Amino acid sequence: MESESDVPDVFDPRIYADGIPHEAYRALRDHRPVAWQEERAVLGWPAGAGFWAVTRHADVVRVLKEATEYSSYLGATQIRDPDPADLPFIRRMMLNQDPPRHGRLRRLVSRAFTPGRIERFTETARSRARELLAAALDAGPEVDLVRAVTDDYALLNLTDLLGVPAGDRGLLLAWTERVIAYQDPDEPPVLDDQGRPVNPRSPAMLAEMFDYAQELAAYKRKKPGDDIMSVLAGSELRPAELEMFFFLLTVAGNDTVRSAAPGGLLALARHPDERRRLWNGEVAVDRAVEELLRVHPPVLSFRRTATRDTELAGRRIAAGDKVVVFHASANHDERAFADPHRLDLDRSPNPHVSFGEGPHVCLGAHFARLQLRVLHEEVRHALRDLELAAPPRRLVSNFINGVKSLPVRPRARSAPPS
């Protein structure tokens, strides 16, 4: 293993408050594409055992596809090891399982994510985007697009799809913040009786959410609607599986769009030439969405655990070692993308890994793409210019590529684009 001074640190969550560490990623891709990383104690969390950081596109794809060699089940999918007492509980989630059990659960839930059901939400999402953008423009010359538009857009679309009553939507936001922002100093940590931070995915921290999931499922069995929870409540999912799916859909379903939407708008604000191409109709919105996802993936990293002694990019990896893939690095790998640091909204092909690869490819990717497409179509109709008013504030996290605020000076169109 390399000495600490030889390897750029891509673990410390505080690094990502300044943006994606492209120079560190490039150094790793060029010289140590599979590099040992120390897990130092940081932000109140104890030191860990260390892990292999995988930064090249081809290697990231291999790890994500080869579930028999790189397991989601053995140590779950977060970099830090969970408490051994919590691991059996965490393994119930589909995200933390391997085939064949993973396939059974995915098939059950995919019945709810039918293209028809998702497409029926298109006009609802469109109306919501228009209303939020109009209100943002009325708010004054400067506005925070995260607070005024993208947070509500993502949350309200998700709760419509799940069938969560309007009065309960704030609960979903609070639960999402607790899980996603646990590394961020702006989110007060929950401490145990010895003053140590508590894993937000532990049974104690999820009890309230799970109780709500069972109450909502019971209601949907009596009064089903055209929503995901009605389908899940009437399926053959066991109660514990249903709870875990509600957790997964609530957190991942919300934060995928919640992260990608402001990240894409930030990229457009910083690249006026590409923005004009998109807004003038020179680039298809669907293709532009893929490029915006490439440059700003919602998820920064995912962990696997080696099931046996193996080798990756010439490095010997021992059974039980943690192997962590870095999506943003893979998406900027010169070996897979020509001029990867240039925003090219018409880029094709675009084999980004922002929604993963292999058996765990994002179940809600179609729904996320639909929401992003609709949002960018409505932004194009509503705005004639988009200028940053101040630097964005980013989430302190090595997991979610979050934008906490995006202050802009938007200028409304006097007429929609032709």
Search result, residues across region 38-58 that are more than 21 Å from the chain's Cα centre (by Cα), of a type in the set (Gly, Ala, Ser) and under 16 Å from Phe326 (Cβ atoms): Gly50
Candidates Leu173, Leu132 - the one that is under 19 Å from His376 (Cβ atoms) and not β-branched (Val, Ile, Thr): Leu132
Cross-chain or 6+ apart pairs with Cβ under 7 Å, region 369-387 first and among the small types (Gly, Ala, Ser), then open to solvent by 10 Å² or more (accessible area, probe 1.4 Å) and in a strand (DSSP E or B): Ala382/Ala412
Given (1) modelled with pLDDT of 85 or more; (2) touching a Ser or Thr at 6+ places or on another chain (Cβ under 6 Å), number of the condition Leu108 does not satisfy: (1)
Selection from region 310-328 of residues that are open to solvent by less than 20 Å² (accessible area, probe 1.4 Å) and outside any strand (DSSP E or B): His327, Ala328
Subset tally (residues that are in contact (Cβ under 8 Å) with a residue 24 or more places away in the chain, over 23 Å from the mean Cα position of the chain (by Cα) and assigned to a loop (DSSP other than H, G, I, E, B)) for region 299-309: 2
Residue ID - surrounded by the most Cβ atoms within 10 Å (Cβ to Cβ), chosen from residues in region 195-208 that are without any contact (Cβ under 8 Å) to a residue 12 or more places away in the chain and part of a loop (DSSP other than H, G, I, E, B): Val198
Residue among Asp168, Asp192, Asp144, Asp160 that is of a type outside the set (Lys, Arg), open to solvent by 20 Å² or more (accessible area, probe 1.4 Å), farther than 30 Å from Thr114 by Cβ and touching a Ser or Thr at 6+ places or on another chain (Cβ under 9 Å): Asp144
Candidate set: region 300-309, residues that are out of contact with any strand residue (DSSP E or B) (no Cβ under 6 Å at 6 or more places or on another chain) and open to solvent by 10 Å² or more (accessible area, probe 1.4 Å); chosen: the one farthest from Ser72 (Cα to Cα): Asp309
So Ala53, is it part of a strand (DSSP E or B) and either open to solvent by 70 Å² or more (accessible area, probe 1.4 Å) or at pLDDT 90 or above (or both): yes
Number of the exception - Glu39 against (1) of a type outside the set (Gly, Ala, Ser); (2) within 29 Å of Pro188 (Cα to Cα); (3) in contact (Cβ under 8 Å) with a residue 60 or more places away in the chain; (4) buried (at least 17 other Cβ atoms within 10 Å of the Cβ): (3)
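The values are calculated or read from the model by the stated rules, or taken from the named source; none is laboratory data. Note that the structure is a prediction, hence the values are computed from the model and not measured. Virtual Cβ from ideal backbone geometry, glycine too; neighbours counted across all protein chains shown. Side chains included, ligands, DNA and RNA excluded: accessible areas come from the protein's heavy atoms. Shrake-Rupley method; radii C 1.70, N 1.55, O 1.52, S 1.80 Å.
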